[in-house]
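A quick write-up on the structure given underneath.
Taken together, the values in this text are just the output of simple stated rules run on the coordinates, not laboratory data. Owing to the predicted nature of the structure, the values given are computational and were not obtained by experimental measurement. Neighbour counts are summed over all protein chains in view; Cβ atoms, including those assigned to glycine, are modelled from backbone coordinates with ideal geometry.
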Amino acid sequence: MCTRAVGGLAHYIEEEGVATTQISLIRPHTEAIKPPRALWVPFDLGRPLGVPNDAGFQKRVLLSALKLLEEPSGPVITDFPDDAPVSRQADVVWACPVNLARKKIDLSDADAMRAAFKKEMVELRTWYDLAVKKQQRTTMGVSGLELAQIIDFIGAFIDSIPANPREDISLALSLNFAVDDLKAYYYEAAAAQPGSSSPTAEELDDWFWGETVAAKVLFAVKDRCLKRDDKMMQLLGKILLIPMSHSDA
Amino acid sequence: MARLEKMPEPQRSHIANTRLPAFDTYPWVDGPALNMRRIAIVSTAGLHRRDDRPFTFEPGDNYRIIPGDTAANDLIMSHVSTNFDRSGFQQDWNIVFPLDRLHELCDEGHIGSVARFHYSFMGAMDPKDLEQSARKLAGLLKDDTVDGALLVPV
């Protein structure tokens, strides 16, 4: 939806007298909205510059978008010619370095699910700490909650509706941001393996949604949200907690 | 993957059937050569400083200011959607907010300068609801003598 948003923003900003250029991730949206200048790129949603940690490739994309500012007239859409590079042979499958304990979980036992969820979070801690050290940053922190609070808050939704830990935003948004932090914790931990290869978005998604207890917890939370009358909770349950690409996992 | 025809259902239909705003004007602002331009990033990734408020759906709560001296570890994302990849941003902020790359292009003489302030919206909104904020933001860009706004979606 962001390509739609940047298309509209470009119209308004340019009308006010500032030249714009933009990256487009959804070409049909840009074709319909016709912003002044756009570079369509064939990359994953969420990766408009193509690939992480490849300054040379990112600069090629960036310069291609910026050079449109020198076009004599518009609207103009051009296509970036290359797919995002992958950092290893395509036939080498990424494997998560984190060896999560495998034990069948009784999905009808909320306490057992919460215990398994907490155990998994603890197991990941050393990898998350390594990731933070390696990256010198973390993207966790949106919810404003500590890790232990995130576990308790999300886990409580399995069989109840907990109190809102924040006063400034709705319970639904608190849950949404806590889940964002939870996923950041897992994804950053999983991507921290030694070596140069970085997992693709698809590999990390398949691992998280297919193999973790956390994903099972989120499916249970989704069911809880769908039972609520609150409009935002319904939205969370329908499309905001589980990506559409894994909603049937 | 962002080739619509390669997306899995139901995401492909969801995107293909999105209601799009129609514009009957084609604004166009001329300017100097790229190596004379001052560039600002306008993201729709729901980015903000760690100590800033997360994005909400409150009317008027549309964008956040990102000072040009913001450190990578101080930029986080509170976009409401889960239907795009965040692992790229987790590994390298430049993939959605290419501030380091802009400075390099400036050092290499490709662009004139980098703005003092950058901005982020949260793009899961109807652009029509962002109009007033976008027009005000254009004034802020001009105050910073920006003559090239780079809009970056996720």
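For chain A, the longest principal axis of the Cα atoms and the long axis of helix A:213-226 meet at an angle of about 80 degrees. Charge dipole (Cα centre; +1 on Lys/Arg Cβ, -1 on Asp/Glu Cβ; no other charges) of region A:101-195 amounts to roughly 480 debye. In the neighborhood of B:Ile39, defined by Cβ-to-Cβ distances under 11 Å, what is the net charge if each Lys or Arg adds +1 and each Asp or Glu adds -1? Combined, the nearby Lys, Arg, Asp and Glu give +1. By other beta-carbon atoms within 10 Å, ranking A:Met113, B:Met77, B:Met36 with the fewest at the front produces B:Met36, A:Met113, B:Met77. For peptide A:32-44, the mean count of partner chain Cβ atoms within 10 Å of a residue's Cβ comes to 4. For region B:85-154, GluC sites (Glu not before Pro) are listed when DSSP marks them as loop and at most 13 other Cβ atoms sit within 10 Å of their Cβ; the list is B:Glu108.
Equivalent ellipsoid of region A:110-246: semi-axes from √(5λ) of the C-alpha gyration tensor, largest first, are 25, 16, 14 Å. Cβ crowding within 10 Å, taken as a proxy for footprinting-reagent exposure, orders A:Ser108, A:Ser198 from fewest neighbours to most as A:Ser108, A:Ser198. Relative to the dominant Cα principal axis of chain A, helix A:55-66 is inclined by about 50°.
Each distinct pair of alpha carbons in region A:2-79 adds a 1/r term; the inverse of their mean, the Kirkwood radius, is 12.6 Å. Basic side chains Lys and Arg get +1 at the Cβ, acidic Asp and Glu get -1 at the Cβ, and with that the dipole of chain B about its Cα centre reaches some 240 debye. Scaling the Cα radius of gyration of chain B by the globular reference 2.2 N^0.38 Å produces a ratio of 1.10. For region A:145-201, the list of GluC sites (Glu not before Pro) that fall in a loop by DSSP and count at most 15 other C-beta atoms within 10 angstrom reads A:Glu146, A:Glu167. Any idea what % of Cα-Cα pairs in the protein assembly as shown are farther than 34 Å? When every Cα pair of the protein assembly as shown is considered, 27 percent fall beyond 34 Å. Taking other C-beta atoms within 10 angstrom as a stand-in for reagent exposure, A:Arg60, B:Arg38 fall in the order A:Arg60, B:Arg38, fewest first. Look at the dipole of chain A built from charges on Cβ: of A:Ser64, A:Ala110, A:Ala172, the Cα furthest out on the positive end belongs to A:Ala110.
Note on B:64-73: average number of Cβ atoms from other chains within 10 Å of each residue's Cβ is 1. Dipole check for the protein assembly as shown: with +1 at the C-beta of Lys and Arg, -1 at the C-beta of Asp and Glu, and the Cα centre as origin, the magnitude is about 360 Debye. Between B:His14 and A:Asp230, the modelled label-to-label distance comes to 2.1 nm, taking each label 7 Å out from Cα in the direction of the beta carbon.
Per-residue packing, averaged as other Cβ atoms within 10 Å, sorts the ranges B:9-22, A:151-164 into the order A:151-164, B:9-22, beginning with the highest.
Angle check, please: helix B:131-143 long axis (alpha carbons) against the longest principal axis of chain B (alpha carbons), in degrees 0 to 90, nearest 10. Here the helix axis deviates by roughly 20 degrees. Rounded to whole numbers, the Karplus 3J(HN,Hα) couplings from phi for region A:173-189 are 5, 4, 5, 4, 6, 5, 5, 4, 5, 4, 5, 4, 4, 5, 5, 5, 5 Hz, using 6.51 cos²θ - 1.76 cosθ + 1.60 with θ = phi - 60°, and x at Gly and Pro. In region A:2-79, taking the dipole from charged Cβ atoms about the Cα centre, the farthest positive-side position among A:Val76, A:Trp40, A:Ala55 is held by A:Ala55.
Taking the empirical scaling 2.2 N^0.38 Å for compact globular proteins as reference, region B:11-54 has a Cα radius of gyration ratio of 1.87. Projecting the Cα atoms of A:Leu236, A:Val86, A:Val221 onto the dipole axis of chain A, where Lys and Arg carry +1 and Asp and Glu carry -1 at the beta carbon, places A:Val221 farthest toward the positive end.
Residue pairs exceeding 21 angstrom between C-alpha atoms, taken from A:Lys67/B:Lys128; A:Lys34/B:Lys128; A:Lys216/A:Lys238; A:Lys118/A:Lys222: A:Lys67/B:Lys128.
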